Amino acid sequence: MLIDNLVNGLLIFILFLILHLSLIHFTKINNKLSLIISTATSYFCLIYLDKINIENLNVFFFFFSLLLIYIEFFSLINRGFTISIITSVKKNFFKKSYIEKIYSNNKGLRWMLKKRINGLFFIKIICIKNKKYNLTNFGNLIFYIIISSIKLFNIKKLGQ
């Protein structure tokens, strides 16, 4: 029974993977939308095949675990600044000014910082008071979760 459930979860993940890679390679759908479409289609397949019920809940959890690993890897490869540096060094494109200029489709590092700060404003983690950036109440909650996680996982340096 457990093996059957794991195989079912793996088959649904393979369906997701094929659909996602097909959407990326053969359509002009953007990355976010292709992930949403692929995930929703796979989820509906799980429902259609009656794999999301109390007896087969581990099929869903196995599929969901594989999905999270895949999305995290895809995001890292797709958006990782360090990955960009590694590929630039290998292609002999590495010059600091070049990386600063071409980062994020020629928008540059300043654009990236502005985009990240705007995202923090959008989800109400930071605000501006007296011309200074401050954490909102929600931002303070996030801060304490991060600090607790740093201690829990014994992380020495952030963002490196």
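Observations, loosely collected:
- At R0 = 45 Å, FRET efficiency that the Cβ-Cβ distance of Phe44 and Ser97 yields, to 0.05: 0.40
- Largest to smallest in accessible area, the residues Arg110, Arg116 fall in the order Arg110, Arg116 (1.4 Å probe, all protein chains included).
- For region 110-119, putting each phi into the Karplus relation 6.51 cos²θ - 1.76 cosθ + 1.60 with θ = phi - 60° gives couplings of 4, 4, 4, 4, 4, 5, 5, 5, 4, x Hz, in residue order, rounded to whole numbers and with x for Gly and Pro.
- Under 5 Å, built H, 5+ apart or other chain: amide partners of Thr136: Ile126, Cys127
- Packing order of peptides 31-44, 121-134, highest average first: 31-44, 121-134 (average count of other Cβ atoms within 10 Å over each peptide's residues).
The values are calculated or read from the model by the stated rules, or taken from the named source; none is laboratory data. None of these values were measured; they are calculated from a predicted model. In this analysis, Cβ positions are derived from the backbone assuming ideal geometry, glycine residues included, and neighbour counts consider all displayed protein chains. For accessibility, only protein heavy atoms count, side chains too; no ligands or nucleic acids. Shrake-Rupley method; radii C 1.70, N 1.55, O 1.52, S 1.80 Å.
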